[in-house]
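The values are calculated or read from the model by the stated rules, or taken from the named source; none is laboratory data. Note that this is a predicted model, so its numbers are computed, not measured. With ideal geometry, Cβ positions are generated from the backbone for all residues, glycine too; neighbour counts draw on all protein chains shown.
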Amino acid sequence: MLFTPHIWDQLKNLTADKIVTALEKDKWKRDTSRGAILVYRSHDGRRVTIHYHPHKTYGAKLLKGLLADIGWNEQDLKRLKLIK
């Protein structure tokens, strides 16, 4: 998934809290949780594992992988108010 530098500048500040909130807003359901690991499932059966540490941001490589697993594109990120 390719994002422009303008978008990456906004995404690099995403915290774990914002991603979890956006997943729930996008109707993903928490499947299981064990300690700092949260597993979410979408309505079509896709699954994503979030390593949750409150107020922490993710590195570029991990964030890119998370967004690819979730399947959000630029329009989805705008709809969920994660970017402007």
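A few points about this structure:
- Residue match in the stretch 32-47 (condition: assigned to a loop (DSSP other than H, G, I, E, B), closer than 24 Å to K84 by Cα, touching a residue at least 12 places away in the same chain (Cβ under 8 Å) and of a type in the set (S, T, Y)): no
- A single entry from G65, G71 fulfils the requirement of being surrounded by 12 or more Cβ atoms within 10 Å (Cβ to Cβ), modelled with pLDDT under 95 and on the phi > 0 side of the Ramachandran plot: G71.
- Residue in the stretch 9-22 that is in a helix (DSSP H, G or I) and in contact with a Pro (Cβ under 8 Å, 6 or more places away or on another chain) present: yes
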